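Worksheet: one structure, shown below.
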Amino acid sequence: MRRLTYLLAILATVLSTALIPAAASASGHHGNRKCASVQPEAGFYEGGRVGTEVLTVPDSRCRTISVSHIVDPANPSDRCQTFLVGFYPPVDGSLTYTEPVTACGRQRTVLARNVPDGTEYIVLYDIDYLEQRIHFRVHH
């Protein structure tokens, strides 16, 4: 009986060691390292929002679109903005949009999950005043 307990303990240790990295990566804790980072150009202004140029999710292990390093150069203490993502192709002449999310500062804030490689999209943000242009990074 003691020998069986010893063997089960070894087996449990081996299995838990093998499963920990898989569980950590499946939960997304290490997924951010695989995301490409870009600082997009402004593409257009319409109805109180600025949209970026069209971006394409690269081939990677990253399955999210997130933003970080948010700052208003005209007011550096303003580090928060409301963002959303518009996905192509248009359905019935309109993009498909995510819900707006407020993001602040250097911290990554996820705007969309489970995004396949090759997806084309734009990131939009609400402006606080006319001519406002926020600087931020997109991770995809």
- Message: Name the single residue that is surrounded by the most Cβ atoms within 10 Å (Cβ to Cβ) among those in region 38-62 being out of contact with any Ser or Thr (no Cβ under 8 Å at 6 or more places or on another chain), of a type in the set (S, T, N, Q) and modelled with pLDDT of 90 or more.
- Response: Thr52
- Could you list, in sequence order, all residues of region 79-94 that are open to solvent by 30 Å² or more (accessible area, probe 1.4 Å) and in contact with a strand residue (DSSP E or B) (Cβ under 7 Å, 6 or more places away or on another chain)? Arg79, Cys80, Thr82, Phe87, Tyr88
- Say whether the condition of being farther than 12 Å from Leu124 by Cβ, out of contact with any Cys (no Cβ under 7 Å at 6 or more places or on another chain), among the basic types (Lys, Arg) and touching a residue at least 24 places away in the same chain (Cβ under 8 Å) is met by at least one residue in region 73-80. no
- Message: Restricting to region 57-76, name every residue that is within 9 Å of the chain's Cα centre (by Cα) and of a type outside the set (S, T, N, Q).
- Response: Cys62, Arg63, Ile65, Val67
- Within region 101-140, which residues are in contact with an Asp or Glu (Cβ under 7 Å, 6 or more places away or on another chain) and open to solvent by 50 Å² or more (accessible area, probe 1.4 Å)? Asp117
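The values are calculated or read from the model by the stated rules, or taken from the named source; none is laboratory data. Note that this is a predicted model, so its numbers are computed, not measured. With ideal geometry, Cβ positions are generated from the backbone for all residues, glycine too; neighbour counts draw on all protein chains shown. Note: areas computed on protein heavy atoms with side chains; ligands, DNA, RNA excluded. Shrake-Rupley method; radii C 1.70, N 1.55, O 1.52, S 1.80 Å.
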